[in-house]
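Heads up: the structure comes next, in structure tokens.
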Amino acid sequence: MYKQLMLDAVMAREKAYTPYSNYKVGACLLAKSGKKYLGCNVENAAYTPTNCAERTAFFKAISEGERGFEAIAVVGGKDGEPLSPNCTPCGVCRQVMLEFCTKDFKVILGTPEDFKVYTLEQIMPYAFTPAEL
């Protein structure tokens, strides 16, 4: 299952809009319903409006009514080069994951040929969650 999520993330990466960094990222978010949501990064000349692949996938899912999530696969790297083995979600994306996922939510990182599976708690220790409010 995780390998297929990684392959879907690679497919999503092909749609990335990255004229400034040329660093393309793709994500495949698996909802508890079984539906997959693909996301890619979308850059903007002003940089701040840029949206990461992970958040694109989450916002698509949330906008369609999903609220339960199992896992997300993330791949990335410079356009025209091999995938980076170390493309990880930024802090903002991790915080979005914390808003909608449990600590055991799976985050799959690496490449389709060599990936590791982490829990959200592992990649975001000492997190600020809705429970702290």
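Bear in mind these aren't lab numbers, they're just calculated from the coordinates by the rules spelled out. Small disclaimer: the values here were computed from a predicted structure and weren't measured. Positions of Cβ are generated from backbone atoms using ideal geometry, with glycine treated the same way; all protein chains shown enter the neighbour counts.
Using the Karplus curve 6.51 cos²θ - 1.76 cosθ + 1.60 with θ = phi - 60°, work out ³J(HN,Hα) for each residue of segment 111-118 in order, rounded to whole Hz, and write x for Gly and Pro.
10, x, 8, 8, 10, 10, 10, 10
Considering the values [x] 15.3; [y] 8.1; [z] 9.3, which represents mean projected area of the Cα convex hull in nm² as calculated for the structure under consideration?
Correct label is [y].
Can you list the trypsin sites (Lys or Arg not before Pro) in segment 54-96 that are in a DSSP coil and have 11 or fewer other beta carbons within 10 angstrom?
Sparse-neighbourhood loop trypsin sites (Lys or Arg not before Pro): Arg67.
Check Leu83: other-chain or 5+ apart residues with amide H under 5 Å from its amide H, H built from backbone geometry?
It is none; the list stays empty.
So in segment 43-127, what percent of DSSP beta bridges are antiparallel if you round to the nearest 5?
60 percent
Hand me the chymotrypsin sites (Phe, Trp or Tyr not before Pro) from segment 1-75 located in a DSSP loop with no more than 13 other Cβ atoms within 10 Å, in residue order please.
On the way: sites: Tyr2, Tyr17, Tyr20, Tyr23, Tyr37, Tyr47, Phe58, Phe59, Phe69; in loops: Tyr20, Tyr47.
The qualifying sites are Tyr20, Tyr47.
Taking amide H positions as placed in the peptide plane 1.01 Å from N, state which residues far from Ala127 in sequence (5 or more) or on other chains have amide H under 5 Å from it.
Amide H neighbours of Ala127: none.
Can you work out ³J(HN,Hα) from phi for every residue in segment 24-34, in order, using Karplus 6.51 cos²θ - 1.76 cosθ + 1.60 and θ = phi - 60°, giving whole Hz and x for Gly and Pro?
After applying 6.51 cos²θ - 1.76 cosθ + 1.60, I find 9, 10, x, 9, 10, 9, 9, 7, 4, 6, x Hz.
Only residues of segment 56-96 count here: report those whose backbone N is under 15 Å from the spot 7 Å along Cα→Cβ of Phe128, or say none.
Zone members listed by number: 91-96.
What is the calculated FRET efficiency for Gln95 to Val117, with r their C-beta to C-beta distance and R₀ = 25 Å, to the nearest 0.05? Don't skip to the answer; put the middle values down first.
Values: r = 20 Å, r/R0 = 0.82.
About 0.75, to the nearest 0.05.
Ordered by residue, what ³J(HN,Hα) values in Hz, to whole numbers, does segment 72-87 give under the Karplus form 6.51 cos²θ - 1.76 cosθ + 1.60, where θ = phi - 60° and Gly and Pro are x?
So the Karplus estimates, Gly and Pro as x, are 9, 10, 10, 10, x, x, 4, 4, x, 10, x, 4, 6, x, 9, 9 Hz.
Using a 10 Å Cβ count of at most 15 others and DSSP loop calls, identify the longest part of the chain lacking such GluC sites (Glu not before Pro).
Working: sites that count: Glu14, Glu64, Glu113.
Longest gap between qualifying sites, sites excluded: 15-63.
Enter the Cα centre distance for the pair segment 55-133 and segment 1-30, rounded to the nearest angstrom.
Using only Cα atoms, the two centres lie 12 Å from each other.
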